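Here's the structure, in structure tokens; my notes come after.
Derivation of every value follows stated rules applied to the coordinates shown; laboratory data play no part. A quick note: this is a predicted structure, and the numbers were derived from the prediction, not measured. Cβ sites come from the backbone with ideal geometry, for glycine too, and all protein chains shown count toward neighbours.
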Amino acid sequence: MRESRGQVASSLEPWLELKNKIVMVTGASSGRGREFCLDLAEAGCKVVAAARRVDRLRLLCDEINNGIGSNKPGPDRARAVAVELDVNASGPIINAAVEKAWGAFGRIDALINNAGVRGSVHSPLDLSEDEWNDIIRTNLTGTWLVSKYVCSRMRYAQQGGSVINISSTAGLNRGQLPGSLVYAASKAAVNTITKGMALELGMYKIRVNSISPGIFKSEITQGLLQKDWLKTVAFKTIPLRTHGTTDPALTSLVRYLVHDCSEYVTGNVFIVEADDARMMDLVTRGMLLVVLSGSSGTT
């Protein structure tokens, strides 16, 4: 009997289905985090959506519970739970949020550290200490603390697991831009703790990887991508003539790293971009003009 197209796809790409996996996503109230939650629920996961904006989280969870991955909507069939989490908070507060997240479904199989901020465009000489501390606290310390408390529970449960850190090409030489020193430093450090934690947590069957996207269509980049000059630059310099979208460019990779077929994959930094290094050079020139002119527009 010939296999159906779905059966063939499932055998070639088993990560397309993630039934019974429990995934915690930080920064889940909007943007990529929200898209990750929707896609993972579609794949069969139970999702713990964590962020500061609880009202948005509840709307997201209602959307999942009433229309994705459940034929019988209702509390007994819930596939998504909202947990208030500010990754900029102190360790004890984050630990309490992780405890609630862990208890929602009895375990966490995978953690996606997606929460982060970019900050304003500043010369290193004009960057304030408060903004430096805020971005480092959110992007780096928050990522470490959430990972620490989730992985401690994974270790105790002897279950193994997967940690996926959402970094950026800004943390690599190919993606550094003027005016974003602290953001680039925080993302470079995220890649470093990814490798360090992978090295030390492997003995507990916990794998740790990071994903470094280039310029993607998102809430943060919406204004930039609408500029005519950037569209022209993109068409002339990017081989694929387009910018990525979270789904499927990032969601497919996230599914793979959640799935057990990636059990031998750890300590890696996955770069996801359309070879836009040449475009970044032109964007850099534009950003440099912004910095030199003293503008502090947010990104």
Practice problem: Amide H neighbours of V272 under 5 Å, at least 5 residues apart or on other chains, H built in the peptide plane: list them. | Solution: S212, G214
Practice problem: Obtain the nm distance between the two label points defined at E63 and D134 by a simple spin-label model: each point lies 7 Å from its Cα along the Cα-to-C-beta direction. | Solution: 2.7 nm
Quiz item: Net charge near P213, counting Lys/Arg +1 and Asp/Glu -1 over other residues with Cβ under 9 Å of its Cβ?
Solution: 0
Quiz item: So what are the ³J(HN,Hα) numbers for the range 148-159, from phi and the Karplus equation (6.51, -1.76, 1.60; θ = phi - 60°), rounded to whole Hz, Gly and Pro as x?
Solution: 4, 6, 5, 5, 4, 6, 4, 5, 5, 7, 6, 10
Exercise. For the range 38-52, take each phi angle, set θ = phi - 60°, evaluate the Karplus expression 6.51 cos²θ - 1.76 cosθ + 1.60, and give the result in whole Hz per residue in order, putting x for glycine and proline.
Key: 4, 5, 5, 5, 4, 7, x, 6, 9, 10, 9, 8, 10, 5, 7
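For the residues W102, W132, what sequence is obtained by ranking on other C-beta atoms within 10 Å, fewest first?
Numbers: W102 20, W132 17.
Taking fewest neighbouring Cβ atoms as first place, the list is W132, W102.
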Quiz prompt | Spin-label model distance (nm) - T192 vs A157, 7 Å beyond Cα toward Cβ | solution = 3.1 nm
Quiz item: Which shape class, rounded, prolate or oblate, goes with the range 72-165 when its Cα gyration tensor gives a ≥ b ≥ c as root eigenvalues, a/c under 1.5 marks rounded, and past that a/b bigger than b/c marks prolate?
Solution: prolate
Quiz item: What is the local net charge at V83, summed over the other residues whose Cβ is closer than 10 Å to its Cβ (Lys, Arg +1; Asp, Glu -1)?
Solution: -1
Quiz item: What is the set of long-range amide H partners of N165 at a cut-off below 5 Å, with H atoms built 1.01 Å from backbone N?
Solution: N113, N209, S210, I211
